[in-house]
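Note sheet for the following structure.
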Amino acid sequence: LKCIIEDKIKELLIPNMDLLQSSEKAHLFLDVMSCPFVSIDTRRFLYRKYLKNFEPNLNRSHLEIENDLQSLLQTYWFVKWDELDIVKMIEKKELKESY
């Protein structure tokens, strides 16, 4: 199931990676980068795509990318992953389909 979800995330973000034109995709990207449940491979893949598209002159080493990814895990954007209770949110109907 995790692989299916991560494949869907990549499918949504990768074709154009139009984060500047789509707030939905920008929110998804930021939440994925900070989500501890998304594999490091998926996060690394998406981050490298981001760098290629939005920071083409920024040459990050492998170590710098790994440090960036670690820092992003410490930054919450729209979801506080360590405080998330999905079952409770669904029961309260607070979680709506957004992505």
Self-check item: Number of positions in the stretch 45-67 that are in contact with a Leu (Cβ under 9 Å, 6 or more places away or on another chain), closer than 19 Å to residue 10 by Cβ and of a type outside the set (Val, Ile, Thr)
Solution: 7
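Just the residues that are of a type in the set (Gly, Ala, Ser), more than 18 Å from residue 5 (Cβ to Cβ) and either touching a Phe, Trp or Tyr at 6+ places or on another chain (Cβ under 6 Å) or part of a helix (DSSP H, G or I) (or both), please, taken from the stretch 26-78.
Within the stretch 26-78, the subset of a type in the set (Gly, Ala, Ser) is 26, 34, 39, 61, 71.
So of that shortlist, the ones also more than 18 Å from residue 5 (Cβ to Cβ) come out as 26, 61, 71.
Answer for the stretch 26-78, where residues must be of a type in the set (Gly, Ala, Ser), more than 18 Å from residue 5 (Cβ to Cβ) and either touching a Phe, Trp or Tyr at 6+ places or on another chain (Cβ under 6 Å) or part of a helix (DSSP H, G or I) (or both): 26, 71.
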Self-check item: Residue in the stretch 69-81 that is closer than 17 Å to residue 12 by Cα and of a type in the set (A, V, I, L, M) present
Solution: no
Quiz prompt | In the stretch 8-31, the residues that are over 18 Å from residue 56 (Cβ atoms) and among the acidic types (Asp, Glu) | solution = 11, 24, 31
Quiz item: Here are some conditions: (1) under 11 Å from the mean Cα position of the chain (by Cα); (2) of a type in the set (Val, Ile, Thr); (3) exposed (fewer than 12 other Cβ atoms within 10 Å of the Cβ). Residue 75 meets all but one. Which one does it not meet?
Solution: (1)
Quiz item: Among (1) under 10 Å from the mean Cα position of the chain (by Cα); (2) modelled with pLDDT under 95; (3) charged (D, E, K, R), which single condition is residue 24 missing?
Solution: (1)
Quiz item: Take the residues of the stretch 79-99 that are within 17 Å of residue 30 (Cα to Cα) and surrounded by 11 or more Cβ atoms within 10 Å (Cβ to Cβ): which is modelled with the lowest pLDDT?
Solution: 99
Quiz prompt | Filtered residues of the stretch 4-30 (kept if among the aromatic types (Phe, Trp, Tyr) and over 14 Å from residue 51 (Cα atoms)) | solution = none
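Within the stretch 52-64, take every residue that is without any contact (Cβ under 8 Å) to a residue 12 or more places away in the chain and of a type in the set (A, V, I, L, M, F, W, C) and give me the one that is farthest from residue 18 (Cα to Cα). Step through it out loud before you land on a result.
Initially, the stretch 52-64 is screened for residues without any contact (Cβ under 8 Å) to a residue 12 or more places away in the chain, giving 52, 55-64.
Filter again for of a type in the set (A, V, I, L, M, F, W, C), leaving 58, 63.
Numbers: 58: 19, 63: 26 Å.
Among those that are without any contact (Cβ under 8 Å) to a residue 12 or more places away in the chain and of a type in the set (A, V, I, L, M, F, W, C), it is 63.
The values are calculated or read from the model by the stated rules, or taken from the named source; none is laboratory data. These numbers come from a predicted model, not from an experiment. When we count neighbours, we look across all protein chains shown, and the Cβ atoms used for this are built from the backbone with ideal geometry, even at glycine.
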